[in-house]
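Okay, structure first, notes after.
The values are calculated or read from the model by the stated rules, or taken from the named source; none is laboratory data. Everything numeric here is computed off the predicted structure, so don't read it as measured data. Quick reminder, even Gly has a Cβ in these numbers, built from the backbone with ideal geometry, and neighbours come from all protein chains shown.
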2 protein chains.
Amino acid sequence: MTDPTRRRDAGRTRAALLNAAAELFAERGFAHATIRDIGERAGVDSAMIARYFGGKAQLYVAVLQKEQGTGEPPDLLDGERLRHVVERAVRQGAGPLYHSALHAHDDPRADEFSRRELHRRIVTPLARRLAADGADRPQARAELLTAAVVGVLIGRSSGTLPALTALDADELAGLLAQVLSAMEPRECSRRF
Amino acid sequence: MTDPTRRRDAGRTRAALLNAAAELFAERGFAHATIRDIGERAGVDSAMIARYFGGKAQLYVAVLQKEQGTGEPPDLLDGERLRHVVERAVRQGAGPLYHSALHAHDDPRADEFSRRELHRRIVTPLARRLAADGADRPQARAELLTAAVVGVLIGRSSGTLPALTALDADELAGLLAQVLSAMEPRECSRRF
DNA sequence: AGCCTAAGTCATCAGGCGATGACATCGACT
DNA sequence: AGTCGATGTCATCGCCTGATGACTTAGGCT
C-alpha cells in the first residue's frame, strides 16, 4: 500500500487477506465476519477473496490450514498446552475453530472442515488422555470438556460476563485447569 | 386456525407467537431465528410480530419475561436446580437466555435484557453460593462456570460433538455436577 | 516502445433479513 | 342492517450479505 516498490503483489494480497480473515473469524466466528470487513481490514478489495480463495468458505478453510500443525497436539490437560491455548485466546479472541464447537456454520464445507479439525486438535487428544487415565465414557467427557472450555473462551469475549473478561491469562488458565481436572478419575472424586 | 368458533383471536395469536418464538430462540439463538420462521411455526403471518410486540427484539424480551419467575432461583450447585436446567435444555434446546452468554445479539435492547436476566438467574446465585463457601474470586468463578455450562448445553445441540449430544439428561447432569464442584473450595483441591 | 497477462477496481446481481403500510375481512355493537 | 374498530393478509421497502463479471491498470517481457 504505502510501499511504492510493490504496488501489486499477489502473495502479499493473499497473505493480508489470510491474516485479516484469521483475526475476524477469531473475533466474531464465521457467520458474523463479513468478506467486506475482511477486505477492509486487509486493505484489499473484497472481490480478491473470490479470486484467490474461491469464496468465504474456502478462505475460512485456508485460515484453518495455515494454522494447523502437522501431528496431533498434546491434550488440554497438559498444563503447557492449556496455557498456550488460553494465552492465544486472550490475545486474539477465541479462534475460528472454537466457534464451530457451538454453532454450525451456514456453509457445509467450512462446517465439515471445522468439525474435523476441532476433533483432531482438541477432542481426540483429550479423549485419549482420559481413556489412558481410566475415566469412563472418555469420549463424552472429552467432548464435554471441549464444549466447556470453548464456552469459557468465547464467553470471555462476549461482553456479557465482565468478571470473566477481566481475568488475565494466568488466572484463567489456573481456573480452567481446575475445571478440566474434574473430569479425571481421582481418589477424592465425589460421584464415581 | 381449525377452530371455527374462534377464527380471530388476538390473545391466541399472541400466545402462538410467544410459544413459537420461545422454541426457535431456544434452538437457534436470537440472531439465527427469523421472524418469518417464527410466524410460520406459529401458523401466523410474521407481520403480527410487529403488531403485537413491536418487533423481533421486543418479542424476544417478551419471551424472557414470560419465562421468568419472580424471586432469585437457587444456584446451579444445587443438584435439583441443575437437573431442572439440564432436562429443560435436553428437551427444548439451550434456551434463548443462554445464547446471550456467548454471543452479543445484534439488537441492544435484546442484549441488555438478556445480560441482566442471565446474571439474575444464573450468575448471581452462583456467585453468592461460592462466596458463602469461601471460594476466592467468587464472581469470576461464577461467570466462568456459567460460561462452561452454557458452552456444554449449546455445544450439545450444535452437532459438532456427537458423544456429548448422545448423553441423556441424567448422565449430562452428573458430569456437569462434577465440573461445577471443581470451583468449590475442597480439601483435596490441587491448585489453591 | 509496445503488448499482454496478472492484478486490482467497480457496479451490480440475487437472496435473505426485519420492518412497514396499504388493503381486506371479521364480528361486536348500536 | 349497517358501521367501524379490531384482526389478519399481502406486497414491498431498505439494508446487508456473498458472489460475479466486465472493466481498468500495472509492469515484466520481447
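Of the residues B:LEU176, B:LEU172, B:LEU164, the single one that is under 22 Å from A:LEU161 (Cα atoms) and of a type in the set (A, V, I, L, M) is B:LEU176. Might you check whether a residue that is closer than 23 Å to A:ALA169 by Cβ, away from DNA strand D (no atom under 14 Å from the Cβ) and not in a helix (DSSP H, G or I) occurs anywhere in segment A:37-60? Looking through segment A:37-60, none of the residues is closer than 23 Å to A:ALA169 by Cβ, away from DNA strand D (no atom under 14 Å from the Cβ) and not in a helix (DSSP H, G or I). In segment B:17-46, the residues that are under 17 Å from B:ALA110 (Cα atoms) and of a type in the set (S, T, N, Q) form Cβ pairs under 9 Å with partners that are modelled with pLDDT of 95 or more and buried (at least 17 other Cβ atoms within 10 Å of the Cβ), at six or more places apart or across chains, as follows: B:THR34/B:LEU24; B:THR34/B:LYS56.
Looking only at segment A:116-133, decide whether some residue is at pLDDT 95 or above, surrounded by fewer than 18 Cβ atoms within 10 Å (Cβ to Cβ), in contact with a Pro (Cβ under 8 Å, 6 or more places away or on another chain) and at positive phi. Checking segment A:116-133: not a single residue is at pLDDT 95 or above, surrounded by fewer than 18 Cβ atoms within 10 Å (Cβ to Cβ), in contact with a Pro (Cβ under 8 Å, 6 or more places away or on another chain) and at positive phi.
The helices (runs of 4 or more DSSP H) found entirely in segment B:78-192 that carry 1 or more residues being facing chain A (nearest Cβ under 8 Å), touching a residue at least 12 places away in the same chain (Cβ under 8 Å) and hydroxyl-bearing (Ser, Thr, Tyr) are B:96-102, B:108-118, B:138-156, B:169-181. For segment A:44-87, the set of residues classified as within 14 Å of DNA strand C (Cβ to nearest atom) and either of a type in the set (S, T, N, Q) or touching a Pro at 6+ places or on another chain (Cβ under 8 Å) (or both) consists of A:SER46 only. If I ask for residues that are crowded, with 22+ Cβ neighbours inside 10 Å, closer than 20 Å to B:PRO162 by Cβ and aliphatic (A, V, I, L, M), which ones from segment B:78-105 would you list? Within segment B:78-105, B:VAL86, B:ALA89, B:ALA94 meet the criteria. When B:GLN68 is tested against (1) loosely packed, with under 12 Cβ neighbours inside 10 Å; (2) more than 16 Å from DNA strand D (Cβ to nearest atom); (3) not hydrophobic (A, V, I, L, M, F, W, C), just one condition goes unmet, and that condition is (1).
Looking across segment A:17-43 at every residue that is among the aliphatic types (A, V, I, L, M) and within 11 Å of DNA strand C (Cβ to nearest atom), the one that is surrounded by the most Cβ atoms within 10 Å (Cβ to Cβ) is identified as A:LEU17.
When you scan segment B:74-92, do you find a residue that is within 15 Å of DNA strand D (Cβ to nearest atom) and either under 30 Å from B:GLY159 (Cβ atoms) or at pLDDT 95 or above (or both), even just one? No: segment B:74-92 contains no residue that is within 15 Å of DNA strand D (Cβ to nearest atom) and either under 30 Å from B:GLY159 (Cβ atoms) or at pLDDT 95 or above (or both).
Checked against (1) within 16 Å of DNA strand C (Cβ to nearest atom); (2) touching a helix residue (DSSP H, G or I) at 6+ places or on another chain (Cβ under 8 Å); (3) assigned to a helix (DSSP H, G or I), B:GLY11 passes all but condition (2). Anything in segment B:92-121 that is over 17 Å from B:GLN58 (Cα atoms) and of a type outside the set (A, V, I, L, M, F, W, C)? List them, or say none. Within segment B:92-121, B:GLN92, B:GLY93, B:TYR98, B:HIS103, B:HIS119, B:ARG120, B:ARG121 meet the criteria. Considering segment A:15-36, and only residues there that are within 7 Å of DNA strand D (Cβ to nearest atom) and within 14 Å of chain B (Cβ to nearest Cβ), the residue that is farthest from the chain's Cα centre (by Cα) turns out to be A:THR34.
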